[in-house]
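Quick notes on the structure that follows.
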There are 2 protein chains.
Amino acid sequence: MQAEIINTGSELLLGLVQNRHLSHLALELTPLGITAERQVCVPDGPPVREAIDQALDRAEVVIVTGGLGPTSDDITREAAAELLGCPLHTDESILQAIRARFARRNLPMADNVGRQAMVPAGARVLPNNFGTAPGLYFPPPTLGMRPARHLFLLPGPPRELHPMVRDHVLPILRAALPPEEDRECRIYRLTGIGESQVESRIGCQVMARGDIEVGYCARPAEVDFRIIGPRRALDEIEPGIVAEVGEWIYSRGDTLEQSLVAHLRAQHLSLAVAESCTGGSVADRITDVPGASEIFLAGLVTYANSAKETVLGVPRELLEKHGAVSEPVAAAMADGARRASGSHFALSTTGIAGPDGGSDDKPVGTVFIGLAAQDHPTVVRRCFFPVDRATFKQMAASAALDLLRRHLLGLPLDPGGGSALPTLG
Amino acid sequence: MQAEIINTGSELLLGLVQNRHLSHLALELTPLGITAERQVCVPDGPPVREAIDQALDRAEVVIVTGGLGPTSDDITREAAAELLGCPLHTDESILQAIRARFARRNLPMADNVGRQAMVPAGARVLPNNFGTAPGLYFPPPTLGMRPARHLFLLPGPPRELHPMVRDHVLPILRAALPPEEDRECRIYRLTGIGESQVESRIGCQVMARGDIEVGYCARPAEVDFRIIGPRRALDEIEPGIVAEVGEWIYSRGDTLEQSLVAHLRAQHLSLAVAESCTGGSVADRITDVPGASEIFLAGLVTYANSAKETVLGVPRELLEKHGAVSEPVAAAMADGARRASGSHFALSTTGIAGPDGGSDDKPVGTVFIGLAAQDHPTVVRRCFFPVDRATFKQMAASAALDLLRRHLLGLPLDPGGGSALPTLG
């Protein structure tokens, strides 16, 4: 089943607010077998009516966000009612609820607020427990000229929209839908390999079958490889995918740090990190995961050489002889973090994020990544990410997390060598 | 001048990636007097061609993002060439650049990569210094049937898109546009104050003049206050803005961490941080700023109590008596970070990010922020951010950076004379 998303609001087109509606709605609808085939953002005004009209021509589910509020630029309700020829009437129970809401907060209620109690004939009211304007649902029978269409008008603020989707829109669609097709979307998340490599190693082969849709999404240091098709076909090709790119697959959905934290928690293992060039981003990503405190003991961001000495116990001679960005210092940092925290594992990063500070021998983008483990000699990998500073931090942090993942799974620590093994978790 | 934005990519419609392109492009185009009148997101495939066709009918500037990569689902280049009747040829210099890029990184180059060197006749190549696929610009003369149209095909990854917009798209549009009006857009960036407070303190007053357009953009812990109008009018009201909300304005463009690092560099002052609940995000933000190494000595992410003791020297009695999330521990953490690093200043954070771990006395969202300074007794502020984990980390990190900003500027450490930093809502 196809859906179209219409987002109204000049603040979106002015760039003042990020439009997160598409992402939220798509993630909610996809498991029902409903795919967003188009999303459009139009300014408040006449384009709203036109956009609804065109979307109803194409898609079975049309969801409009925004424009239900009290101010003069909120015209979604009126545009839909006019387009569908449904007269508007005031719903007394909504009006009461709005009055009660203002009274509870001791706020005066402006006249224009009452507009939000207007309901087009035939539309069903979707209660809003987190704001003033209720949502509206036009079930197929109200739309005589276009059968089997579902039109939803929903509020724009995410904290009103999200619960309304969960509590009202999804149950309505679940009830209205034919039994789900046997199609599935699977996502393999990879790190340490490029998008074009994924395609040449396995993507082309999958696509040649003809019955599976293939997609890629590349982010710094990461690629999502996506296949959509009949469940049986996906099951069939899965062994081939694992054989070809299995060692780079870190999860089927979780972030790299989520899968790592879950693995360490399950094994009752602890981690510390010593960061220089990544500047805290490894620690930041690990502590984004709820429950990270069970496994994460300390992150030591030793930016200055003096801090590498005093906090991590890196010998001054090592720093003077090899420089802070070097294999021996990366090893000493990882050892020092493990010693200081008493953790099972410690990762370290030292490199040149740029834009300045590079040399012929160690150009901007060079990074050494260390891993100290209680059950293994300390290892160091040298990587090269000649990109902007922010991307460098992200790629180096991912490479550090991936080094531990590979160690935990017994995979070759230098990607490219080995064969397939299971993902974390 | 009107623009339309077309975003391609199934990963956007599947909700796997947030679409930040509209916001970025709109903020870049608006100061040129170009407004986005419509944005549409379509899947890779035939809808791309149709979307470009329709957009060229309506808008003078059409910007397409995504679909220029090497994989089979990347078809933007071919769709535009076909629509406009421009044959494609291989550009040898692009192919050389791509080969060199792969060679520099010691990566094998898959055959499909060469597709990115295809250029439609009449199109101008926009170099991509941060990725493989160059952008393409179709100037008005190439589009015989629709004069005065500017069509841009740009790469999807933000780290490639953003510099290409800045370095190529904006200069092209600036040269193509009629001489700029005497209008200006100014942005004041504030932290520690809510959007509605900014509006009631100064926004309404500015808007009442009638000649200045006012806008707000609220992010966790931050508000951008934006005014657009004749330069003279903006100069006139500036003193009023500074008088009303000046103490919350941290910059006219820089991020909070950029402005802080610049200030510390100029004064030759150094900083360390001791983080618990923010988990490295304060250090991460500081080290996002090029040149941060001149002022940032160390970030000590002491997640476990044992690390607070061993790394920062927080007395065990203090942890046992008051708990890790407490004013005395925040103070001891800041003191410990300053001692361990020898810095002029040290910030500390200890709080409850959630979702679990709260109590009646210290509910989820509670955070204590410490500041140790060589020239001032250590201070601790208690704040409350009852929001999701990721937002909590962001708000607590901003509050910590702001505490130092206020100290450096001699501003009251309790904004607005109140008891705590403003919370959400």
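The values are calculated or read from the model by the stated rules, or taken from the named source; none is laboratory data. Source: prediction; values computed, not measured. Cβ: placed from backbone, ideal geometry, glycine included. Neighbour counts: every protein chain shown.
General remarks:
- Taking segment A:1-54 as the range and being among the basic types (K, R) and within 9 Å of another protein chain (Cβ to nearest Cβ) as the test, the residues that pass are A:R20, A:R38.
- The condition of being more than 32 Å from the chain's Cα centre (by Cα) and either modelled with pLDDT of 95 or more or on the phi < 0 side of the Ramachandran plot (or both) holds for only one of A:G299, A:G280, A:G313, that being A:G313.
- Inter-residue pairs, beta-carbon under 6 Å, first among the charged types (D, E, K, R) and in segment A:156-176, second modelled with pLDDT of 85 or more, 6+ apart: A:E160/A:N128
- Restricting B:S348, B:S281 to residues that are more than 10 Å from chain A (Cβ to nearest Cβ), in contact (Cβ under 8 Å) with a residue 60 or more places away in the chain and either buried (at least 24 other Cβ atoms within 10 Å of the Cβ) or charged (D, E, K, R) (or both) narrows the list to B:S348.
- Between A:R285, A:R265, the distinction of being in a helix (DSSP H, G or I), over 24 Å from A:A221 (Cα atoms), at pLDDT 95 or above and basic (K, R) belongs to A:R265 only.
- Some residue of segment B:405-418 being in a strand (DSSP E or B), modelled with pLDDT under 95 and either in contact with a strand residue (DSSP E or B) (Cβ under 9 Å, 6 or more places away or on another chain) or buried (at least 19 other Cβ atoms within 10 Å of the Cβ) (or both): no
- Among (1) of a type in the set (D, E, K, R); (2) surrounded by 20 or more Cβ atoms within 10 Å (Cβ to Cβ); (3) at the interface with chain A (Cβ under 8 Å from one of its Cβ atoms), the one test that B:D288 misses: (2)
- Hits in segment A:293-311 (condition: crowded, with 24+ Cβ neighbours inside 10 Å and under 25 Å from A:P363 (Cα atoms)): A:L300, A:V301, A:T302, A:Y303, A:A307, A:K308
- Residue count for segment A:7-34 under the criterion of being crowded, with 21+ Cβ neighbours inside 10 Å, touching a residue at least 24 places away in the same chain (Cβ under 8 Å) and under 21 Å from the mean Cα position of the chain (by Cα): the result is 6.
- Enumeration of residues in segment B:326-337 that are within 12 Å of another protein chain (Cβ to nearest Cβ) and either under 31 Å from the mean Cα position of the chain (by Cα) or surrounded by fewer than 22 Cβ atoms within 10 Å (Cβ to Cβ) (or both): B:A337
- Candidates A:A243, A:A208, A:A233, A:A218 - the one that is in contact with a Pro (Cβ under 7 Å, 6 or more places away or on another chain), among the aliphatic types (A, V, I, L, M), at negative phi and not assigned by TED's automatic domain parsing to the domain that holds A:P386: A:A218
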